[in-house]
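Chemist: Got a structure for you, questions after.
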């Protein structure tokens, strides 16, 4: 993330149906700038995530302006019990806008992806269960 987001921006990063693996411990995200939004949803997390999950980049004021969240993630690194208090475990209602392709203006660029990938993105069982319109 480039750190250039502002308070009014309605953008961010959504990691949907991903797999977080690797060697060594890591954070899910660090508040490099004062405003950022990062959501991990339906994502497998290996045991490489620091328990706190997120880092304020040595600036506690950012804890009030960033939006860092998880939704129905799984795996040994997904446990939210040790997460920083300013991170969020989303409810179904809170997660719904981020699970739709409209969050990233998907109708503008996702239509060019291969058909099998588009079908997987737009018709996943998670989207149907939440009744999210893509």
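Chemist: Simple spin-label model, 7 Å along Cα-to-Cβ: residue 59 to residue 7 in nm?
Modeler: 1.5
Chemist: Suppose a student asked you for the relative contact order of segment 13-99, using Cα pairs under 8 Å spaced at least 6 residues apart; what percent would you report? Don't jump to the answer; show the numbers that get you there.
Modeler: Details: 176 pairs, mean separation 27.4, N = 87.
Dividing the mean separation by the residue count of segment 13-99 yields 32 percent.
Chemist: Sticking with this structure for a sec: Could I have the simple spin-label model distance between residue 84 and residue 102, label points 7 Å from Cα toward Cβ, reported in nm to one decimal?
Modeler: Using points 7 Å along Cα→Cβ, the separation is 3.1 nm.
Chemist: Let me ask something else about it. At a 10 Å Cβ-Cβ cut-off, how would you order 45, 26, fewest neighbours first? It would help to have the intermediate numbers written out before the result.
Modeler: Values: 45 22, 26 16.
With the sparsest Cβ surroundings first, the list reads 26, 45.
Chemist: Still on this structure: Take the Cβ-Cβ distance between residue 47 and residue 94 as r, set R0 to 25 Å, and report the resulting FRET efficiency rounded to the nearest 0.05.
Modeler: Numbers: r = 26 Å, r/R0 = 1.06.
Once the sixth-power term is evaluated, E becomes 0.40.
Chemist: Projected area of segment 13-99, taken from the Cα convex hull and averaged over every viewing direction, in nm²?
Modeler: On the way: hull surface 21.2 nm².
Answer in nm², one decimal: 5.3.
Chemist: Further, regarding this structure: Label points 7 Å out from Cα along the Cβ direction at residue 25 and residue 74: separation in nm?
Modeler: Calculated label separation equals 2.6 nm.
Rule-based calculations on the coordinates, nothing more; no lab input. Note that the coordinates shown come from a computational prediction; the quantities given were computed from them, not determined experimentally. Cβ sites come from the backbone with ideal geometry, for glycine too, and all protein chains shown count toward neighbours.
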